[in-house]
Structure formats: C-alpha cells, structure tokens
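The values are calculated or read from the model by the stated rules, or taken from the named source; none is laboratory data. Only a predicted model underlies this, so the values are computations on that prediction, with no experimental measurement involved. Here the Cβ positions follow ideal geometry from the backbone for every residue, glycine too, while neighbour counts run over all protein chains shown. Just so you know, the surface numbers come from the protein's heavy atoms only, side chains and all, with ligands and any DNA or RNA stripped out. Shrake-Rupley method; radii C 1.70, N 1.55, O 1.52, S 1.80 Å.
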Amino acid sequence: MKHFYLLPILMFLFANALAQNGGKISGNVVKSGTPAEGVTISLLKAKDSATVKLTVANKEGGYVFENIANGKYLIAVSAVGYHKGFSNFLEVRPDQQAVQLPAINLIPASKSLSDVTVTAKRPLIDQRIDRTIVNVDAAITNIGTSALEVLEKSPGISVDRDGNISLKGKEGVLIMVDGRPTQLSGADLANLLRNMSSNQLDQIEIMTNPPARYDAAGTSGVINIKTKKTSTAGYNGAATATYSQGRYAKTNEGFNFNFRENKINLFSNLSHNYRKGFGTLTIQRKLYDPTTSELTNYFNQRADMKNEGNSYNAKIGADFFVTPKTTLGVVLNGTYSPTLSSNSNTTDISNAAKTVERVTKAIVDNDLDWKNFSTNLNFRTILDKKGKELTSDLDFLTYGNTSGQFMENAYTDVFGNALGKTDTLTGDLPQDIRVYTGRIDYLHPLKKGARFEAGIKTGFVKTDNNAWYDSIQNGAVVHDYSRSNHFIYEENINAAYLNLSGPLSKKWNAQLGLRLENTNATGRQVTTGETFDRHYTQLFPTAYIQYKSNEKNVFTANVGRRVQRPSYGSLNPFIRFIDRYTYSQGNPDLKPSLSNSLEVSHTWKSQITTTVNYTAITDIIDNIIDQKGDEAYRTPANIASLHQFGIAVNANTPLTKWWTSSINVNAFTNHYKGIAGGAAIEFTQFSVLINGTQQFKLSKNTTAEVNGRFVSGRLEGIMKAKATGFVGAGLSQQVLKGKGTLRFTIRDIFYTQKFSSVSRYGNVDFNFQQVGDSRVAALGFTYRFSKGKKIAPVKRTTGSAGEEQDRIGQ
C-alpha cells in the first residue's frame with residue numbers, strides 16, 4: 001500500500017495530462033417565442049436513437065454538449081405540455097468538431113398542462129463508471145415490498161436470515177439514504193429497512209469502490225438508497241396504497257408532494273407501514289466436555305416468533321433560491337416505529353445417548369419503541385460562470401429506543417414434571433445516540449471537461465446505553481448485577497479529501513482520489529470502570545481508469561482502500577436474550593478492519609458488463625459463537641483475514657420489442673483464516689449468486705414481470721449457509737389515462753426462501769434453520785398528479801453525516 005502514498009504526485013501529473021479532443025454541439029430552444037428554460041435536451045445516436053447524454057436548457061434556452069466522439073447524432077427536446085422537438089441529423093467530424101445548430105421551436109400540445117402525465121420508462125439496471133444503478137419503479141415486483149426486499153433483489157447484494165447485508169459475498173457495507181449514512185447496523189438497520197416502503201424509493205446506487213468524497217467506511221463498498229424527488233415548477237405528487245397478504249396481512253401507504261414557485265421549493269414524503277409476521281428458528285447443538293472433549297449433551301431448540309409493528313415516517317424540506325446562483329435548504333426527517341415481538345421457545349436437553357432428560361420452556365417478549373430524528377441544513381453557491389461550486393452541510397441526528405424485555409423459564413422432565421422453580425428475568429435496555437457532523441465541499445471545473453474536488457468534514461458521536469436487568473425471585477424483584485451494564489462511547493472523526501477526474505484523450509478517462517481520516521474514540525463501562533482510548537490516522541486512496549476502444553467496448557479498472565469501524569452497538573457489552581441458553585453480547589475490544597480491492601471490467605454496447613475483482617480484508621469483524629457451560633452466545637470479534645476472488649456478469653438486454661431481460665451472475669471464492677473463540681479456523685468456499693428479471697410488454701398499458709434469485713452454498717463469516725432462492729411475478733396496468741398504476745405481485749411463489757446453516761470449529765457445533773412470512777401477494781395502486789412545467793431538479797448535497805449513520809445498533 002506504500003505506493004498509494006504517491007497518489008498526490010500522480011494527481012498533479014494527471015492534472016497536467018488532462019485534455020479534451022472531442023467535439024462540441026450547441027444550440028438553443030424556444031417555445032411560444034420565448035427561451036425554453038429548463039427543458040430536457042437529449043443527444044441521441046443517429047443510427048439507433050440510443051441516448052448519449054442529457055442536459056437541461058439554461059435561462060436563455062441554450063444548451064451545450066462537450067467531449068463528443070466523432071459520429072452522426074440527433075437532438076431531441078421534451079417539455080411538459082409541448083410536442084417533442086427534434087433537430088436535423090448532424091455529424092461531428094475531425095475537420096468540424098464544433099457544431100452550432102439552428103433554434104428548435106417547440107409546439108404546444110392540445111391538452112392543458114393539468115391533463116398531462118409524464119411516465120418515462122427507465123431501464124432496470126444502469127451501469128456507470130463507478131457505480132451500478134437500480135431503478136426501483138422499473139421492476140413491477142417491487143410494489144408492496146420493503147427496502148430490504150428491494151436490496152435483496154439487486155445485483156450482487158445478499159441478505160442473510162438476520163437482515164445483515166453483504167455485497168458480492170463480502171460483509172461490511174455502508175448503507176446510505178439520500179447520501180446520508182443511516183447511522184444504523186445489525187438488527188436496527190434491518191428494522192429500518194423492513195419498515196421503509198418501496199414506494200418511497202427511486203434508485204439504489206451500488207458502489208464497490210466509491211470516490212474519495214464518500215466516507216471511507218464499508219470494506220465491501222457503499223449502497224446509497226435514493227428516495228423520490230420531483231422537478232416540476234408548480235405542484236406535483238403521488239399517493240400510493242398497498243395491501244399485502246402472507247400468513248398475516250400487511251399494509252403500507254405513502255404520499256409525496258412537491259411545490260415549486262419563484263424562489264421557493266417545498267417537498268414532503270409521508271408514509272405508514274404496518275407489518276405482522278412470523279419466524280420459526282430451530283437450533284441443534286452439541287456440548288462437549290471442555291477437559292476431555294467428549295460429547296456430553298444434545299440441545300434441540302425451537303423458537304416460534306411473532307412480531308407486529310407500525311412505522312410512521314415523515315420527511316419535509318424546503319429550498320430557498322436566494323439568488324440564481326445560491327440556494328439554502330433544510331430537510332427534516334423523523335421515524336417512529338413501535339414493535340411488539342413474542343418468542344415461545346422449547347429446548348429439549350438430551351444426554352450423549354440422545355435420551356431427553358430435561359425440557360425448558362421459555363416465553364420471551366420484547367416491547368421496542370424505536371425513534372429517530374434528523375435535521376440537515378445545506379448551502380450551495382455557484383462562484384462564477386465557469387461553474388466553480390461551494391457546498392456545505394450541517395447535520396444533527398438523534399436515535400433512541402426503549403426496549404423492554406420479559407423472559408420466563410420453566411424447567412421440567414420429559415413427562416412435564418417440574419424440576420425446579422420457574423425463573424423470571426426482566427430487562428430495560430434503552431439506547432440514546434446523538435450525532436453532530438459538518439462538511440464543506442468545493443468543485444472546480446478545469447479546462448476541457450476535467451474536474452477538481454476537495455472537501456473537509458468533522459463529526460462527533462456520543463452513545464449512552466444503560467442496560468438494567470432484574471430477576472423475580474419468590475415474588476420479589478432482585479437486581480441482576482451480573483447482566484446489567486452502563487456503557488458510554490464517544491467518537492470524533494475528522495476527514496479531508498482531494499479528487500481529480502476528467503478525460504485524458506478521446507478514448508481515455510481517469511479519476512484519482514485521496515482521503516485522510518483521523519479517528520479519536522473513548523469508551524467507558526460505568527458499571528465495571530473499564531475504559532479504552534484510541535487514536536489513529538489513515539489514508540484511503542482511490543483510482544479509476546477507463547478506456548473506450550470503440551462505441552461498443554469500454555474497459556474500466558479501479559483500485560481502492562476502505563475501513564470498517566465497529567458499529568456502536570457491537571462495541572456495547574449488553575446482553576440480549578433469545579432464550580435461557582442463547583443470547584448475544586457486544587465486544588468493546590473490537591478493532592477496525594481494513595480492505596484493499598482491485599476491479600477490472602468490460603462493458604459491451606452498454607448492455608453486458610463483466611467484472612473481475614480481488615479483495616483482501618484484515619481483522620475482519622464477524623459474529624462468532626462461544627459457550628459458557630450450557631449457555632451459547634453470539635458476539636462480534638476480529639476473527640480473521642479474508643481473501644476473495646470473484647467474477648460478475650451483468651446483462652441488461654432488450655431481446656425483442658416486447659421482452660427485456662436483466663440477469664446478474666456473481667461467482668466468487670472466499671477464504672477465511674484466523675482465530676475464532678480461541679480455535680484456529682480456515683474456511684474456503686466457492687459460491688454463486690444469480691439475480692434475474694424478465695419484463696414483458698403485453699400492450700401499451702400492460703406489463704408483466706417474472707423475477708428470481710438463487711444463492712448457492714456460501715460462507716456468512718464463519719457460518720456455512722446452504723443454498724436458497726425464490727421466484728416472484730407481477731402484473732402492472734396503467735389506468736386513468738396514465739395517471740394511475742395498478743399492480744399485482746406474488747413474492748416467493750414456491751415458498752423456497754428458507755435459511756439453513758452450520759457452524760463448526762473448536763468445541764462449537766451448531767445447526768440453524770429459519771423460515772418466515774416470505775410468500776406474500778400484494779395489490780397496490782399509485783395515483784400521480786401534476787400541474788406545471790418540467791425544470792431542472794434541485795441539486796441537493798449528500799449531507800455530512802458520513803459513516804456515522806451506518807454504525808448504530810447491532
């Protein structure tokens with residue numbers, strides 16, 4: 001990695017090498033005799049009308065396309081309330097690289113603006129130089145699902161039985177919403193995504209090696225969930241309602257609204273989600289004598305779990321256009337999610353001869369109220385006509401939950417005769433997290449299409465967790481000092497970055513970035529007096545190079561370094577019970593893990609992308625299983641190093657005029673080597689992940705879809721999971737003259753999404769099986785309304801909350 005520190009020198013040399021030899025196309029658009037500000041301009045290839053670039057007309061109705069390869073093109077112009085306008089065919093040649101077109105005059109459509117509804121069709125998958133984009137509404141079967149289920153269907157993404165997310169077979173993913181990390185991980189992140197309806201989502205951005213302006217967190221990359229925004233002067237919005245039926249009913253409703261007039265833009269997104277579900281978890285484990293290693297007992301555990309909850313989400317904001325070049329904005333987000341869960345658990349305990357000797361029956365109830373609130377203040381100004389831009393963000397976030405736990409255990413023999421008194425344990429596990437962050441970013445356009453970016457950021461986080469457990473003995477409440485704990489964690493991360501990008505020639509493009517992060521963290525267990533104090537500074541370089549050999553073939557390579565800091569919850573030494581014999585516990589001794597990755601890809605005709613990757617991760621953080629007597633607990637630890645080799649093929653191909661195919665295949669080998677629970681481990685596993693969506697245009701207003709997913713046997717850290725998959729289908733019908741959409745979908749038709757895994761190392765020998773309410777039929781309706789003209793969307797910053805939002809909970 002020492003060679004990466006030469007990156008600032010390379011960036012200087014790169015800046016001097018930037019050149020632009022492509023052509024330039026310019027012109028202007030008018031409507032009703034006046035400049036057509038804000039209309040959408042598309043540059044199309046003459047031979048097949050494929051879109052090359054998009055832009056928006058400026059205040060004078062003018063537009064410019066630069067860095068255009070030699071060839072024949074066509075300009076298309078679209079605006080709400082007007083017929084589409086086109087230019088004559090044009091050609092960029094070596095002897096004529098600057099093409100000035102005559103004005104395009106738009107003709108008003110016969111309908112009034114209030115009667116016009118625009119429903120553009122976007123591809124399901126869009127491949128970019130540094131990211132893969134999934135357009136959520138392009139898949140019919142996303143209706144009535146949650147954000148977690150949308151992610152599960154996205155290329156290269158896996159979701160395990162606990163809702164943990166991995167990318168291309170690697171854990172350690174930074175999850176962001178609208179460019180702001182969620183500040184959550186583990187169970188809390190899964191809870192947030194399960195309660196976020198797909199009707200709120202616009203796009204999923206998948207970045208295995210994000211540019212330097214992004215936080216360096218996430219050893220396997222960044223997933224950015226973009227919510228819906230609008231770009232119409234006047235007002236517009238949409239209302240959605242969905243009813244779903246699995247074993248239990250589920251509903252979600254959403255409403256978004258945007259109003260823009262003169263110097264103000266107001267927007268909101270409101271939603272409610274009701275979910276009821278079930279899960280059945282069975283565990284078989286063997287206990288061995290720690291001295292002789294002889295088998296002593298078999299534990300056969302079954303937990304029947306039910307959960308029911310509501311999620312209320314609100315987002316409101318405003319943009320104030322102080323001048324044509326300066327915008328001030330404020331965004332408020334809030335979520336309230338009360339959830340009740342119950343777990344009826346039976347454990348049969350057998351001797352070495354498999355004869356049942358004891359039975360424990362437990363009831364575990366959890367009452368969780370989860371809340372978060374965030375405020376973002378943002379500023380953007382254009383400094384000059386060349387496009388120099390300064391943006392800044394201030395973010396304040398607060399997350400809190402109150403978690404009440406009740407556990408009752410009854411002990412009997414195989415015939416149901418009591419073997420001892422029933423014991424009862426109650427717990428109060430509050431969590432309070434506060435985050436303050438700020439950032440400033442500067443963009444400086446260079447000559448001939450190049451860009452220089454720089455920025456700084458600082459963030460402060462404090463978590464306060466005071467777990468209180470009591471036992472009920474003979475009707476009296478007795479405080480349980482052995483399980484109670486009070487943990488306070490404080491952290492400050494300071495960062496700065498440089499990024500340089502642009503064309504080197506007509507066929508070569510490059511991007512170089514360097515990010516520095518300084519971390520200062522302290523932790524204190526108030527109950528025991530244990531503390532830690534850590535300070536370290538790290539450099540994170542990124543580099544991209546792209547070669548466009550011709551119109552059909554593009555080659556890209558990238559390399560980068562990233563970090564995965566422990567989540568706040570995983571540092572917290574709290575105990576959370578599944579039953580009397582099974583619980584989870586945090587680990588305040590965790591260290592950050594570091595990853596170095598290399599990817600090389602080839603894209604053919606913007607339809608098929610093949611990527612080969614190598615990733616090495618040190619001190620990887622994963623959950624291990626350890627045992628104390630007859631109790632087993634799961635805890636995070638720096639268990640091993642990971643080396644992964646992989647190849648992925650993403651094909652998005654229109655097979656006919658009515659049939660479009662999208663298939664993603666990801667094959668990889670993971671090799672873990674290290675220490676887990678005091679035992680040496682070394683695991684190697686070859687795995688294959690396949691996602692596929694087939695869309696059929698049955699008529700002008702009717703579309704059908706079939707999708708499926710298959711994941712072969714794989715390693716989830718040090719657990720070996722067996723193959724699983726599902727098939728879904730959907731039908732979409734446009735109604736009310738295009739203003740409404742009616743959709744019907746079925747997910748996991750054959751009820752095959754069942755998780756099964758094993759974990760064996762040292763004296764640990766576990767088998768797990770889990771099923772849930774995955775076969776669900778949904779009926780949804782969306783109504784869109786709009787009155788106004790299409791304009792350029794407001795460019796909002798990504799916020800300053802950095803990785804912090806992705807690290808709450810465990």
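A few remarks follow.
- For the stretch 515-530, residues that are among the hydrophobic types (A, V, I, L, M, F, W, C) and in contact with an Asp or Glu (Cβ under 9 Å, 6 or more places away or on another chain) total 1.
- Test: residue in the stretch 594-614 that is assigned to a strand (DSSP E or B), within 23 Å of the chain's Cα centre (by Cα), acidic (D, E) and more than 30 Å from F768 (Cβ to Cβ): yes
- Scanning the stretch 469-489 for residues that are modelled with pLDDT under 90, more than 22 Å from D432 (Cβ to Cβ) and of a type in the set (S, T, N, Q) returns Q473, N474, S482.
- Condition met for V727 (of a type in the set (V, I, T) and either surrounded by 16 or more Cβ atoms within 10 Å (Cβ to Cβ) or touching a helix residue (DSSP H, G or I) at 6+ places or on another chain (Cβ under 6 Å) (or both)): yes
- Single residue of G780, G708, G692 found to be touching a Lys or Arg at 6+ places or on another chain (Cβ under 6 Å), assigned to a strand (DSSP E or B) and open to solvent by less than 40 Å² (accessible area, probe 1.4 Å): G780
- Residue match in the stretch 377-386 (condition: part of a strand (DSSP E or B) and within 22 Å of the chain's Cα centre (by Cα)): no
- Total residues in the stretch 524-546, condition open to solvent by less than 40 Å² (accessible area, probe 1.4 Å) and under 12 Å from N492 (Cα atoms): 0
- Taking the numbered list (1) under 22 Å from the mean Cα position of the chain (by Cα); (2) at pLDDT below 85; (3) of a type outside the set (V, I, T) in turn, S271 passes all entries but (2).
- Out of S374, S350, S311, S337, sole residue that is open to solvent by less than 30 Å² (accessible area, probe 1.4 Å) and modelled with pLDDT of 95 or more: S350
- V414 being in a strand (DSSP E or B) and either on the phi > 0 side of the Ramachandran plot or loosely packed, with under 15 Cβ neighbours inside 10 Å (or both): no
- Here Y399 does not fit the description of being open to solvent by 60 Å² or more (accessible area, probe 1.4 Å) and either modelled with pLDDT under 95 or at positive phi (or both).
- First in the stretch 318-338 and closer than 17 Å to D384 by Cβ, second anywhere and acidic (D, E) and open to solvent by less than 20 Å² (accessible area, probe 1.4 Å), Cβ under 9 Å, 6 or more apart: T327/D319
- Of all residues assigned to the stretch 284-304, none qualifies as being under 27 Å from the mean Cα position of the chain (by Cα), surrounded by fewer than 16 Cβ atoms within 10 Å (Cβ to Cβ) and in contact (Cβ under 8 Å) with a residue 12 or more places away in the chain.
- Members of the stretch 225-257 that are in contact with a Gly (Cβ under 6 Å, 6 or more places away or on another chain) and either at pLDDT below 85 or crowded, with 18+ Cβ neighbours inside 10 Å (or both): T232, A233, G234, T240, T242, S244, N256
- Taking strands (runs of 3 or more DSSP E) as the structural unit, those lying wholly within the stretch 485-582 and holding at least 1 residues that are touching a strand residue (DSSP E or B) at 6+ places or on another chain (Cβ under 8 Å) and closer than 30 Å to M305 by Cβ correspond to 485-503, 553-564, 575-579.
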